[in-house]
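First comes the structure, then the notes that go with it.
The values are calculated or read from the model by the stated rules, or taken from the named source; none is laboratory data. Computed from a predicted structure; not experimentally measured. So basically every Cβ, Gly included, is an ideal-geometry build from the backbone, and we count neighbours across all protein chains shown. The area values use the complete protein model at the heavy-atom level, side chains included, leaving out ligands, DNA and RNA. Shrake-Rupley method; radii C 1.70, N 1.55, O 1.52, S 1.80 Å.
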Amino acid sequence: MSAGAELARLFHADLVGIFVEDINLLRMAELPCSHENSAEPENIEQVQLERSLKRQAREAESTLQRIAGELMVEHSFRVCRGLVPAEVILAAHEADLLLLGRKGRSPSCRKGLGSTARKALAEGKRPLLFMRTGFTAKEWPLLVLYDGSKGAQQALGAALDLAQPGIMLNVLILGETPEEAQMMEHELSSSMMVPDTDLAYYHLPLHDEKTLAQYIRMADSGLHVLSDRMRLPTETVHNLINEIDSPVLLV
């Protein structure tokens, strides 16, 4: 939530928080097995769940108000009920940026993206920011994937917008050949003017997915900025986002 507020301040945007009451949890509480050991006509488990959801929503709204207030960001908060992934995607149609946690709450989501993040990725909503606890927009270095395509140019533009004074911007150039990568670096270094920002260029083969994934994991370079409209196959980009345990901005 802090990262979302920092980005909203940076781009002079409003911050909207959404809390979804999971309809599946409520349906489970209505099952007959929830009543078997209860002498009360009322489903105690369901009442407790309703109270728990309302408490969580209040806590989430309070956190949003505190963080947005500290950064002087305009904000709002709303509660809805339904299937979590579907409700989040529906709300995202009205937003310029959808920010989601990388992890889900279920045990099956301990590795890779959670179910809501996976649905957002598959639905094609852009831009998307997949966050990880502990990162802030004020301090992270940036790593952008660049292969000369229009999608890569959009990713580079987003990274430049996010680059703050004193922040390292790493440009990972993906070329068909070493010569092509060198040519792209020369073009970028000749055209980019980024005052007070440290720039570093690295080269990797365009179609070596395994090496690319290994490099990104080893780099651990804060926020990764990329597009799934690059020369890289869309499936490769989505696999990278799922595998690397870092914040990712997909444009």
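Charges were assigned to the Cβ only: +1 to each Lys and Arg, -1 to each Asp and Glu. The resulting dipole of the chain about its Cα centre is roughly 480 debye. Compared with the alpha-carbon gap, the fully stretched path from Ile23 to Arg81 is longer by 20.3 nm at 0.36 nm per residue. Springs join every pair of Cα atoms under 10 Å in this Gaussian network model of the chain, and among Glu180, Glu235, Glu21 the largest mean-square fluctuation is at Glu235. Rounded to the nearest 20 debye, the dipole magnitude of segment 140-210 is 200 debye, with +1 charges on Lys and Arg beta carbons, -1 on Asp and Glu beta carbons, and the Cα centre as origin.
With the Cα gyration tensor of segment 127-240 giving a ≥ b ≥ c as the square roots of its eigenvalues, does the rule (a/c under 1.5 for rounded; else a/b larger than b/c for prolate; else oblate) give rounded, prolate or oblate? Judged from the Cα gyration tensor, segment 127-240 comes out oblate (a/c at least 1.5, b/c at or above a/b).
Rank Ala117, Ala68, Ala219 by mean-square fluctuation in a GNM of the chain with C-alpha springs under 10 angstrom and give only the top-ranked residue. Between Ala117, Ala68, Ala219, it is Ala219 that shows the largest mean-square fluctuation. For the chain, the fraction of 1.4 Å probe accessible surface lying on carbon and sulfur atoms is 51 percent. Helical content of the chain, expressed as a calculated mean residue ellipticity at 222 nm, amounts to -13500 deg cm²/dmol (DSSP H runs of 4 or more residues, -39,500 (n - 2.57) each, divided by residue number, nearest 500).
A straight chain from Tyr215 to Leu71 at 0.36 nm per residue would run longer than the Cα-Cα distance by 48.4 nm. Probing with 1.4 Å while keeping every protein chain in the model, the per residue accessible area of the chain equals 55 Å².
Solvent-free Debye calculation, one equal scatterer per alpha-carbon of the chain: log10 I(q)/I(0) at 0.15 Å⁻¹ equals -1.08. Distance between the 7 Å Cα→Cβ label points at Thr63 and Gln182: 5.0 nm. Per-residue SASA remark: Ser191, around 80 Å² accessible (1.4 Å probe; ligands, DNA and RNA not included). Between Glu21 and Cys80, Arg81, Gly82, the built amide H atoms are under 5 Å apart, and every one of these is 5 or more places off in sequence or on another chain. Dipole orientation for segment 115-204: of the candidates Leu162, Gly124, Tyr201, Gly124 has the Cα lying most toward the positive pole (charges on Cβ; Lys, Arg +1; Asp, Glu -1). Antiparallel beta bridges, as assigned by DSSP with both residues in the chain, represent about 10 percent of the total such bridges.
With a Förster radius of 35 Å applied to the beta-carbon distance between Glu243 and Gln48, the computed FRET efficiency rounds to 0.40.
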